[in-house]
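Some notes on the structure that comes next.
The values are calculated or read from the model by the stated rules, or taken from the named source; none is laboratory data. Remember, predicted model here, so these are calculated numbers, not experimental data. Using ideal geometry, Cβ is built from the backbone for each residue, glycine included, and neighbour counts are taken over all protein chains shown.
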Amino acid sequence: MQLSDTPEPARADAEPPATPPTPIASPSPLRRKLAAAAFLLLGVPALASADPMPSSPSWQLDATGLLYGERQRTSVIEPTARLTRLFANGQALSGQITLDAITGASPTGAVPSGQPLTTTTASGMVTTLPAGQVPTKKFNDLRGASDLSWDLPVGTLFKATTGAHYSREKDYQSVGASESFSLDVLRRLATITIGGGVNRDGVFPRGGTPVPLSDGTQVLTTGTDRKDVTTGLIGLSRVLTRRWLMGLSMTRTLETGYLTEPYKVISIVDSTDTAVDQRTENRPARHDRRAALASSVYHLAKDVIYVEYRYYWDDWGIRSHTADAKYRLELPDDAYLLPHVRYYTQSAASFYRPSLPQGDPLPTFASADYRIGDLSGVTIGATYGFKVPGSRGEWNVRVEYLRQWGPAGSFAGTGTPGGDDGGGGERATRAAAVALPSSKFGAFTSLDIGTIVVGYSIPF
Amino acid sequence: MPASSRAGADVVRIDDAFLGRFMAFGGPCDVLIDTDDRAEAETAITVVQREASRIEHAFSRYRTDNIVHRINHAEGASIIVDEETALLLDYAATCHEVSGGLFDITSGVLRRAWTFDGGDRVPSREALARLLPLVGWHRARWQRPRLTLPAGTQIDFGGIGKEYAVDRAAAQIGNATPRAALVNFGGDLYATGLRRRDRPWSVGLDDPARSGEATLDRFELERGGMATSGDARRFVMHEGRRLGHILNPRTGWPIEGAPRSITVVGPTCLEAGTLATLAYLQGPNARAFLTEHGAEFRIVD
């Protein structure tokens, strides 16, 4: 190939043809590099299909397996699988299936007794405990949950996300739908998100719904108690500098209906703090919850720092603070390590009572559930992500250790903190997390919980 | 059945060849097939058009359903890219390296501040200062196949995508016809070989002063790529100076002092186009750059 001299009259300001054409015999290092790069790019086998197709993977599978354990009491196995289909027009449809298999024994809420203690449910099922043992109820449960989500981009700046979920376990059913819209503004340096959701849940306690603050032998209904949840969210994320992304969001959640924990009881104690009787708990039928979240993502040369702070308050009198930090450390061969530390503290709900004094008039509302009591916790954990050479999939392993503590004797309840869902996966651990007074230090009782999650993602 | 209904391209006979024309990459794309067989030409033109459409679809920054959109909206998250995207990113990384950072696929955001419509609007210093922090391939983490861009940073294959498509499409013509062909996407072109009776392809050089109306020169091309960089159609006037649309990623300001048009010949359209762009980025030193690197070129000042 060569440039020929022009037979046509050239303009006065035109350059004379480059003559003679320079041979390509001795290309410069720059040209050798370009040629090598072009050869790599163009030298791969031509893509056989002449049909237009998206170049990005059109399916993605994400699978995780969670193992949750508390000393001696409860173990949970939770496998999940999420399948995402990316369509050529930018839409994405994603579905997830989750199973929780839980076995163990859950404290009922009653305080350990110096005397044999009988616990009952409204159904008449009775267990009797020897003295000095934390009253528990043996259980095993299987929960199945599924959700669907649909992303619909409209133009380049707007996206709508529609979601629906259904979950079912022995005594609880949840059906919900959500919708959110996000809009990029300020030359895409900021994104505004507005969303909302509704749940229509049903509670159908085994043995029927007990009469509140009763001895548990009387049943209000053997049917389904309704619980409605409405959530609204508004958020703003903003690129501050090329390395720094900040986010602010506010959520409000209104729960109405049957919000009491049907199996929870409160001990009636005498003047020596000995349990002499017990009552079922009772909570208000309305729970107005609000949370404000500030988050920051900062990119260093290679690594990334994530910091979050969350403040939560509700009309039950619970206030909580959560501070969360992660550091993503890039390792060779596409691997990374993500250490994680989190601190959480909350104040008790106004009707939280570890126990009720014998002879006092019963309050209208009362619960001994530690999840709405004074509570603090520290989580320390790390995620390690890596790829197996030759495979497109990515593995990650997350290990976390949570220590929660509160005033002595406060861990007779069960479950993760109920005032705040900041701990991640309130649904997943709602039935799973069982409190165990594993050690006492000073005026506090503490609880230790370990979690291991193995995840695998592959586009195909 | 005419090709226009099958592939969307207009096919006409020109002398002893067929010309197919369709729109892609924001402009007209021409395919010349050196044959007298219309059906054969239509098949070959369809192959070229499909490949152009595929690549434009896959790598255009204007679409919302492709990998570029996913990368540009990852907000700091890592994106795992497919093999073809990885190869393009590798190539772009090489261009960035050999140009000392002047060739930068993340510089596209600077165009938000500029309007190259031949008018005289230039952005304020503040407007550029706000965008410059988003520019810089050296701040991207490209660990094949994982790309992580700082939030707000975006990539744009505009500097290489069209040339890549020319080479890719031309390589597929052999599946449709044994005849020689010339692929020309908006001035970036590739010839697959000599025409019948050992004639080379004839290519006119557009006069940047009267773009689209006059040619300055005529080249003969046998086999290989040719591409032109310049500011013929997209520029802005500022204080009596003509500023082209090719921006310096360090300053956000157009490269000044470069020739009106730089045409380079190379073994592939991709290399020709890259060399022409790299030369343009040298501004007044474009000629010295091409000479130093032993390129075949034609410059119009």
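Points worth noting:
- For B:VAL109, the criteria (1) surrounded by 21 or more Cβ atoms within 10 Å (Cβ to Cβ); (2) away from chain A (no Cβ under 11 Å) hold in every case but one, which is (2).
- Checked against (1) within 14 Å of chain B (Cβ to nearest Cβ); (2) touching a strand residue (DSSP E or B) at 6+ places or on another chain (Cβ under 9 Å); (3) loosely packed, with under 14 Cβ neighbours inside 10 Å, A:LEU300 passes all but a single condition, namely (2).
- Within segment B:208-235, being outside any loop (DSSP other than H, G, I, E, B) and over 14 Å from the mean Cα position of the chain (by Cα) holds for B:PRO208, B:ALA209, B:ARG210, B:THR215, B:LEU216, B:ASP217, B:ARG218, B:PHE219, B:GLU220, B:LEU221, B:GLY224, B:PHE235.
- Segment A:444-460 - residue that is in a strand (DSSP E or B) and within 14 Å of chain B (Cβ to nearest Cβ) and, of those, modelled with the highest pLDDT: A:TYR456
- Here A:TYR311 meets the list (1) surrounded by fewer than 18 Cβ atoms within 10 Å (Cβ to Cβ); (2) closer than 23 Å to A:GLU281 by Cβ; (3) aromatic (Phe, Trp, Tyr) almost entirely, failing just condition (2).
- Across segment A:187-206, the number of residues qualifying as touching a residue at least 24 places away in the same chain (Cβ under 8 Å) and over 30 Å from A:GLY216 (Cβ atoms) comes to 11.
- Checked against (1) free of Cβ contacts under 8 Å to residues at least 60 places away in the same chain; (2) under 22 Å from B:ALA286 (Cα atoms); (3) surrounded by fewer than 24 Cβ atoms within 10 Å (Cβ to Cβ); (4) within 12 Å of another protein chain (Cβ to nearest Cβ), B:ILE246 passes all but condition (4).
- Test: residue in segment A:255-267 that is more than 28 Å from the chain's Cα centre (by Cα) and without any contact (Cβ under 8 Å) to a residue 12 or more places away in the chain: no
- Of the candidates B:LEU32, B:LEU19, B:LEU88, the single residue that is in contact with a Phe, Trp or Tyr (Cβ under 8 Å, 6 or more places away or on another chain) and more than 10 Å from chain A (Cβ to nearest Cβ) is B:LEU32.
- Matching residues in segment B:257-301 - criterion: being over 18 Å from the mean Cα position of the chain (by Cα), of a type in the set (S, T, N, Q) and facing chain A (nearest Cβ under 9 Å): B:THR291
- Tally, over segment B:153-191, of residues that are surrounded by fewer than 24 Cβ atoms within 10 Å (Cβ to Cβ) and hydroxyl-bearing (Ser, Thr, Tyr): 1
- In segment B:197-207, of all residues being assigned to a loop (DSSP other than H, G, I, E, B) and under 30 Å from A:PHE39 (Cα atoms), the one that is farthest from the chain's Cα centre (by Cα) corresponds to B:ARG199.
- Verdict on B:THR192 being in contact (Cβ under 8 Å) with a residue 24 or more places away in the chain and away from every other protein chain (no Cβ under 12 Å): no
- Helices (runs of 4 or more DSSP H) enclosed by segment B:67-185 - at least 3 residues per element that are of a type in the set (Ser, Thr, Tyr): B:83-98
- Within segment A:200-286, strands (runs of 3 or more DSSP E) holding 1 or more residues that are touching a strand residue (DSSP E or B) at 6+ places or on another chain (Cβ under 7 Å), of a type outside the set (Lys, Arg) and within 14 Å of chain B (Cβ to nearest Cβ): A:225-241, A:244-257
- For B:ALA39, the criteria (1) within 18 Å of B:ALA171 (Cα to Cα); (2) small (Gly, Ala, Ser); (3) surrounded by fewer than 17 Cβ atoms within 10 Å (Cβ to Cβ) hold in every case but one, which is (1).
- Residues satisfying the criterion are absent from segment B:164-182 (criterion: free of Cβ contacts under 8 Å to residues at least 60 places away in the same chain, acidic (Asp, Glu) and in contact with a Ser or Thr (Cβ under 9 Å, 6 or more places away or on another chain)).
- Condition met for B:PRO133 (more than 24 Å from B:ASN184 (Cα to Cα), more than 10 Å from chain A (Cβ to nearest Cβ) and more than 24 Å from the chain's Cα centre (by Cα)): no
- The set of residues from segment B:52-85 being modelled with pLDDT of 90 or more, farther than 27 Å from A:SER391 by Cβ and facing chain A (nearest Cβ under 7 Å) comprises B:SER53, B:HIS57.
- Those residues of segment B:271-301 which are assigned to a helix (DSSP H, G or I) and touching a strand residue (DSSP E or B) at 6+ places or on another chain (Cβ under 7 Å), in sequence order: B:GLU271, B:ALA272, B:GLY273, B:LEU275, B:ALA276, B:THR277, B:ALA279, B:TYR280, B:ALA286, B:ARG287, B:LEU290
- Complete set of residues in segment A:275-308 that are closer than 24 Å to B:ARG139 by Cβ, aliphatic (A, V, I, L, M) and in contact (Cβ under 8 Å) with a residue 12 or more places away in the chain: A:VAL297, A:LEU300, A:VAL304, A:ILE305, A:VAL307
- Among all residues of segment A:276-285, there is at least one that is among the polar types (S, T, N, Q), more than 27 Å from A:ARG319 (Cα to Cα) and crowded, with 17+ Cβ neighbours inside 10 Å.
- For segment A:353-366, the criterion of being over 30 Å from A:PRO407 (Cα atoms) and of a type in the set (Gly, Ala, Ser) is satisfied by no residue at all.
- Scan of segment A:327-342 for residues that are touching an Asp or Glu at 6+ places or on another chain (Cβ under 8 Å) and more than 12 Å from chain B (Cβ to nearest Cβ), ordered by number: A:TYR327, A:LEU329, A:HIS340, A:VAL341, A:ARG342
- Test set (1) of a type in the set (A, V, I, L, M); (2) touching an Asp or Glu at 6+ places or on another chain (Cβ under 8 Å); (3) surrounded by 15 or more Cβ atoms within 10 Å (Cβ to Cβ) - A:ALA294 fails condition number: (3)
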